[in-house]
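Have a look at the structure below before the remarks.
The values are calculated or read from the model by the stated rules, or taken from the named source; none is laboratory data. Since this is a predicted model, take the numbers as computed values, not measurements. With ideal geometry, Cβ positions are generated from the backbone for all residues, glycine too; neighbour counts draw on all protein chains shown. Remember, those area values only see protein heavy atoms, side chains included, never the ligands or the DNA or RNA. Shrake-Rupley method; radii C 1.70, N 1.55, O 1.52, S 1.80 Å.
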Amino acid sequence: MILQILFVLFVIIFSSAAYAGFSAAPWLPTRKKEISTLLNSIQIKNNEIVYDLGCGTGSILFALANKYPNAQLIGYEISILPFLIALSRKVVGGKKYTNVSIRFKNLFKQNLRDADVIIIFLLNSAYKKLINKLQSEVKIDCTIIVEAWPLPNLKATKIEKTENALSLYFYQGSEFKNLV
Ligand SMILES: C[S@@+](CC[C@H](N)C(=O)[O-])C[C@H]1O[C@@H](n2cnc3c(N)ncnc32)[C@H](O)[C@@H]1O
């Protein structure tokens, strides 16, 4: 009986990971080097809302929480294993991470109208769907940070390249409004 339960759990966890891989990207954590570049290249004000779309184990959000305890940091994750790890990190962090919210939700179905900063580390095959969504939802002064692959047909306002690390591309919400 225990083996059967374990097998069912494994199938559920594996299926959610496979779904995430097909939906937007498999779980691949952002490394410390890229997180450090990210932290050095943005300024987040008190009460600003930051989304990590596909937050994995929450590494970016928890690093941001240490630096910006008054920002609202929200992560959407659809793969069960990284979601549970992120949730455990939040619980273990206790008061340190009260401004971090980890939500088991499909990123494509969440409203991003109140976002001040959006962080994206997904496969570029997901960009078309994502850009359509951002175009209709983001505020003109929202900052969109994309890791690894630049967004097509949009000019980055800033690019952070660090040796042996993935590049970070910065965009403004206003640019999405000009897209045809
Ligand atoms: C490349 S990882 C990035 C993880 C994290 N943002 C980081 O930088 O460490 C992409 C994440 O997106 C998640 N994901 C893929 N499709 C998703 C969807 N439709 N909704 C929510 N999360 C999704 C995956 O499970 C994976 O954890």
For the chain, Kirkwood radius (reciprocal of mean inverse C-alpha pair distance, Å) | 16.8 Å
In debye to the nearest 20, how big a dipole does region 1-74 give about its Cα centre with +1 on each Lys and Arg Cβ and -1 on each Asp and Glu Cβ?
-> 220 debye
Over the alpha-carbon set of region 37-78, divide Rg by the Kirkwood Rh and report the Rg/Rh ratio to two decimals.
-> 0.94
When the helices in the chain are scored as -39500 (n - 2.57) per DSSP H run of 4 or longer and the sum is shared across all residues, what 222 nm value do you end up with, to the nearest 500 deg cm²/dmol?
-> -12000 deg cm²/dmol
If you keep only loop residues by DSSP, which trypsin sites (Lys or Arg not before Pro) in region 80-180 have at most 12 other Cβ atoms within 10 Å of their Cβ?
-> 113, 155, 161
Sorting 157, 138, 62 by the position of each Cα along the dipole of the chain (Lys, Arg +1; Asp, Glu -1; all at Cβ), the one nearest the positive end of that ordering is 62
How far apart, in nm, are two points set 7 Å out from the Cα along the Cα-to-Cβ line at residue 45 and at residue 161?
-> 3.3 nm
Pairs over 32 Å Cα to Cα, from 45/129; 128/161; 96/128, come to 96/128
List the aspartates and glutamates whose alpha-carbon lies under 19 Å from that of residue 90, not counting same-chain residues fewer than 8 positions away?
-> 52, 77
Can you tell me the dipole magnitude for the chain around its Cα centre, using point charges on the Cβ only (Lys, Arg +1; Asp, Glu -1), in Debye to the nearest 20?
-> 160 debye
So how much slack lies between residue 15 and residue 36, counting 0.36 nm per residue of separation and subtracting their Cα-Cα distance, in nm?
-> 4.3 nm
Where in region 1-73 are there trypsin sites (Lys or Arg not before Pro) that are in a DSSP coil and have at most 11 other Cβ atoms within 10 angstrom of their Cβ?
-> 45
Write out the chymotrypsin sites (Phe, Trp or Tyr not before Pro) in region 74-180 meeting two conditions: DSSP loop, and at most 11 other Cβ atoms within 10 Å of their Cβ.
-> none
Using a 1.4 Å probe, what is the accessible area per residue for region 2-177, in Å²?
-> 53 Å²
